[in-house]
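In what follows, a single structure is set out as structure tokens and then discussed.
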Amino acid sequence: PTMAHSKALLVLENFIGGKFVPCSSYIDSYNPSTGDVYCRVPDSGKEEVEAAVKAAKEAFPIWSSKSPLERSQILNKLADLIEHDLEAFAQAESKDQGKTITFARMVDIPRAVHNFRFFASSILHLVTECTEMPAMGCVHYTSRAPVGVAGLISPWNLPLYLLTWKIAPAIACGNTVVAKPSEMTSVTAWMMCKLLEKAGVPPGVVNVVFGTGAKAGEALVCHPDVPLLSFTGSTLTAQRITEKSAPHCKRLSLELGGKNPAIIFDDADLGQCIPTTVRSSFANQGEICLCTSRIFVQRGIYSEFLKRFVEETKKWKTGNPSDPTINVGALISKEHLEKVRNYVKKAQAEGARVLCGEGVDPLALPPGNQKGYFMLPTVIAEVKDESCCMQEEIFGPVTCVVAFDTEEEVIKRANGVKYGLAATVWSSNVGRVHRVAHRLQSGLVWTNCWLVRDLNLPFGGMKASGIGREGAKDSYEFFTEVKTITIKH
């Protein structure tokens, strides 16, 4: 590119030991809604990770010896600073990720702020255990201490939201961190780094190294001085992390994909169910691990559901993410768009019916967005359970709708995938709701709603959807080392 061109690009730098550090080589990051390069991200590797781990190790003694209250005050200050710049963060997230400005304003950035406030609060209310053995004259108690340097690897779908969901508990517990956001969505992490000093976070407590999973991620996973790894992303990458970290016996928290079912019984309140299920299928372009991608509808209401569901889906507008009236923004990358489209092609080749969206309806885009990575929300019917569209995580605005007859049958079919992250059940029969919820192999079950979260409670999946849970108590347990102390008196 010419000098003039490169001047216009945003150039990010790694944040190590409380300072921004330039990198020797960079990778391009695209604006998904235009298809243009708009940002250059450090292509970090071993050296940069080494420097960041060293800074984190040096900061650990001071940070870990602060009281929970002192750390809590700093986290709250950081939350206030992000909230103060909410609009700038939302604009950046929308531009970098392709999500709608509305979603970034309403969901991503407020949740990032809440993550810091939540752990700033929860760290003050956790208690350790104590038991007595009067006959032995002994008392036992547990104490918890921060572990050391935590390696945090976050994905591109909810960039600041999921990064802060890791950083907040890690530092609240007294650890120091080296974080690696996705190279496709690094801007809001870099913006957050600019606020750390002002919030009172000492240098080296939070280090952010930008780059690819293959280079920067691998260096972090393999580093002998990083005992903890928290990763959110694909099951495939998690397998690699598990293999690479095994020789060091690292502690892993893995939040992976989902192939989440919605089960809709014939006594469901369709007035609520349909708009919510459209949202649970297509929110954030379907790029949320909790999105519904398999919809099982009881046969008695199947045709009515399908008709109304497609009508409601067609109301969702796809286009320029910075337009506040838009519901569906751009997908993250050209490659990802191609991958999602291929699933729709496969479904058609297998004889499934595409009822709306990709290849069926025309997609009209504003002049500036012609080269962006857009796709209409797509509904597929008559798909076989063994089809890749019903078995694999598509991670785009595509959902499959199929009919079922009995409760017994639908539980078996819902459980018939390798994933087990989230499920939704729609029924007005309380007994049935409990019965079905208990039998679904799923870390989260929402009934008659979707994505209502209490951060106190465990979040995570079964089977190929991950290892471990996150939440007030669960994150505290992951980010601390427990010790049992016995005193004879």
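Odds and ends about this structure:
- Any pair with Cβ under 6 angstrom, 6 or more apart, that starts in the stretch 10-31 at a residue that is over 23 Å from Leu195 (Cβ atoms) and modelled with pLDDT of 95 or more and ends at one that is in a strand (DSSP E or B) and of a type in the set (Gly, Ala, Ser): none
- Among (1) on the phi > 0 side of the Ramachandran plot; (2) surrounded by 24 or more Cβ atoms within 10 Å (Cβ to Cβ), the one test that Ser280 misses: (1)
- Considering the conditions (1) out of contact with any Phe, Trp or Tyr (no Cβ under 7 Å at 6 or more places or on another chain); (2) surrounded by 18 or more Cβ atoms within 10 Å (Cβ to Cβ); (3) farther than 29 Å from Gly151 by Cα, Glu408 is excluded by exactly one of them, (2).
- Selection status of Lys194, in contact (Cβ under 8 Å) with a residue 24 or more places away in the chain and of a type in the set (Lys, Arg): no
- Scanning the stretch 449-489 for residues that are part of a loop (DSSP other than H, G, I, E, B) and more than 27 Å from Leu236 (Cβ to Cβ) yields Cys449, Val452, Asp454, Leu455, Asn456, Leu457, His489.
- Every residue from the stretch 263-275 that is surrounded by fewer than 20 Cβ atoms within 10 Å (Cβ to Cβ) and in contact (Cβ under 8 Å) with a residue 60 or more places away in the chain: Asp267, Asp269, Gln272
- Test for Val205: is it in contact with a Ser or Thr (Cβ under 8 Å, 6 or more places away or on another chain) and open to solvent by less than 10 Å² (accessible area, probe 1.4 Å): yes
- Val107 open to solvent by 30 Å² or more (accessible area, probe 1.4 Å), touching a Pro at 6+ places or on another chain (Cβ under 6 Å) and assigned by the TED database to the domain that holds Pro224: no
- Residue selected from the stretch 148-179 under the condition free of Cβ contacts under 8 Å to residues at least 60 places away in the same chain and of a type outside the set (Val, Ile, Thr), by the criterion surrounded by the fewest Cβ atoms within 10 Å (Cβ to Cβ): Tyr161
- The residues in the stretch 340-365 that are touching a residue at least 12 places away in the same chain (Cβ under 8 Å) and under 25 Å from Ser182 (Cα atoms) can be counted, and the count is 3.
- Out of Ala79, Ala92, Ala168, sole residue that is under 24 Å from Tyr30 (Cβ atoms) and either part of a helix (DSSP H, G or I) or basic (Lys, Arg) (or both): Ala92
- Residue match in the stretch 426-444 (condition: part of a loop (DSSP other than H, G, I, E, B), surrounded by fewer than 16 Cβ atoms within 10 Å (Cβ to Cβ) and not assigned by the TED database to the domain that holds Arg240): yes
- Annotation note: Cβ proximity below 6 Å between a residue of the stretch 67-87 that is in the same structural domain as Tyr161 (by the TED database) and open to solvent by 80 Å² or more (accessible area, probe 1.4 Å) and a residue that is modelled with pLDDT of 95 or more and not in a helix (DSSP H, G or I) (sequence gap 6+ or interchain) occurs for Lys77/Gly200.
- The number of residues in the stretch 283-295 being open to solvent by less than 20 Å² (accessible area, probe 1.4 Å) and over 11 Å from Val328 (Cα atoms) comes to 7.
- Taking the numbered list (1) in contact with a Ser or Thr (Cβ under 6 Å, 6 or more places away or on another chain); (2) surrounded by 20 or more Cβ atoms within 10 Å (Cβ to Cβ) in turn, Gln298 passes all entries but (1).
- Some residue of the stretch 235-249 being closer than 30 Å to Lys66 by Cα and of a type in the set (A, V, I, L, M, F, W, C): yes
The values are calculated or read from the model by the stated rules, or taken from the named source; none is laboratory data. What you are looking at is a predicted structure, and each value in this text was computed from that prediction instead of being measured. Positions of Cβ are generated from backbone atoms using ideal geometry, with glycine treated the same way; all protein chains shown enter the neighbour counts. Ligands, DNA and RNA are stripped out before the accessible areas are found, and what is left, the full protein with its side chains, is counted by its heavy atoms. Shrake-Rupley method; radii C 1.70, N 1.55, O 1.52, S 1.80 Å.
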